[in-house]
Amino acid sequence: MKHDHFVVQSPDKPAQQLLLLFHGVGDNPVAMGEIGSWFAPLFPDALIVSIGGAQPYGSTGGRQWFSVQGVTEENRQERVDAIMPVFIDIVRYWQQQSGVSPQATALIGFSQGAIMSLESIKAEPGLASRVIAFNGRYASVPEVATTATTVHLIHGGEDRVIELSHAVAAQEALIRAGGDVTLDIVEDLGHAIDDRSMQCALDHLRFTVPKHYFDEALSGGKPHDDDVIAMI
């Protein structure tokens, strides 16, 4: 499948986890790959790939998933839905290439990349085990959710591009729908990722136990083997 991407890390042995990175409007996968370098030392068995948006962003050489020109609260969902099959196909492609299941896949997005990551699990429940959304939002908040995917919202308290209120609304909607969500607010941070944001993301991947593990324990079941291997 032809798409713009940058491989941040490819383990010598078969990958045990898959971390896919998605950049914001006008950025590129190589630049977003710098974020991936934070994850590599802690997940040496992970295939880490930074994915470029499916559409060019003007003549800048940057990429985007959908145009933000003239975007409104009314038409954003339509634009997301139009490109979503391509996004999901790319995630599936890397799962097939790596041999890694959705239960060991994490989608990590910033800004528009976070929007697409969040919306993808709304469109395709169970597409990934984790979503880390830096300064993102839903196009429209979900009315249903499952605990198959643990969502980590990390947002700058001073973001004026995607207001913090969108992350709060996402958290509240997921809780109402019975989903699994955390929200970290990074004080005095605008529309950006800093060391504090990254530490939140790394700590969640390593230490936050997905809610579905507790649900399985209460029901007398046990996690699947690939879930135990993944722990992401």
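The values are calculated or read from the model by the stated rules, or taken from the named source; none is laboratory data. Just so we're clear, the structure is a prediction, and the values are computed from it rather than from any experiment. Cβ coordinates were reconstructed from backbone atoms using ideal geometry, including for glycine residues, and neighbour counts include every protein chain displayed. Note: areas computed on protein heavy atoms with side chains; ligands, DNA, RNA excluded. Shrake-Rupley method; radii C 1.70, N 1.55, O 1.52, S 1.80 Å.
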## Note on the structure
Sorted by chain and then number, the residues having a modelled amide H within less than 5 Å of the amide H of His5, at least 5 places away or on another chain, are Gly52
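First select every other residue whose beta carbon is under 11 angstrom from the beta carbon of Met84; then total the charges, Lys and Arg +1, Asp and Glu -1.
Values: positive: Arg79, Lys122; negative: Glu78, Asp81, Asp89, Glu119, Glu124.
Neighbour charge sum, excluding Met84 itself: -3.
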#### Entry: Karplus-derived HN-Hα couplings along the stretch 48-62 (A = 6.51, B = -1.76, C = 1.60, θ = phi - 60°), whole Hz, x at Gly and Pro
10, 10, 9, 9, x, x, 6, 10, x, 9, x, 10, 7, x, x
### Query
With every protein chain present, what is the per residue accessible area of the chain (1.4 Å probe, Å²)?
45 Å²
### Query
Tell me, what HN-Hα J-couplings in whole Hz come from the Karplus equation 6.51 cos²θ - 1.76 cosθ + 1.60 at θ = phi - 60° for each residue of the stretch 88-96, using x for Gly and Pro?
5, 4, 5, 4, 4, 4, 6, 5, 5
#### Entry: Sum of side-chain charges, Leu21 neighbourhood, beta-carbon under 15 Å (Lys, Arg +1; Asp, Glu -1)
-1
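In the chain, carbon and sulfur make up what percent of the accessible area (probe 1.4 Å)?
Roughly 53 percent, rounded to a whole number.
Whenever you get a sec, line up Asp89, Asp195 from highest to lowest accessible area (probe 1.4 Å, protein heavy atoms). All intermediate terms of the calculation are to be shown ahead of the outcome.
Working: Asp89 80, Asp195 105 Å².
Order by accessible area, largest first: Asp195, Asp89.
Net charge within 13 Å of Ile154 by Cβ-Cβ distance, Lys/Arg positive one each and Asp/Glu negative one each, not counting Ile154 itself?
Details: positive: Arg130, Arg137, Arg196; negative: Asp159, Asp184, Glu187, Asp194, Asp195, Asp203.
That works out to -3.
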### Query
Tell me, what ³J(HN,Hα) does each residue in the stretch 172-188 have, in order and in whole Hz, if you take phi through Karplus 6.51 cos²θ - 1.76 cosθ + 1.60 with θ = phi - 60° and put x for Gly and Pro?
5, 5, 5, 5, 4, 7, x, x, 10, 8, 10, 9, 10, 9, 9, 5, 6
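Looking at the chain only, what percent of DSSP beta bridges run antiparallel? Nearest 5 please.
On the way: 8 of 36 bridges.
Counting only bridges with both partners in the chain, antiparallel ones make up about 20 percent.
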### Query
In what sequence, highest mean first, do 145-153, 71-79 appear when ranked by Cβ atoms within 10 angstrom?
145-153, 71-79
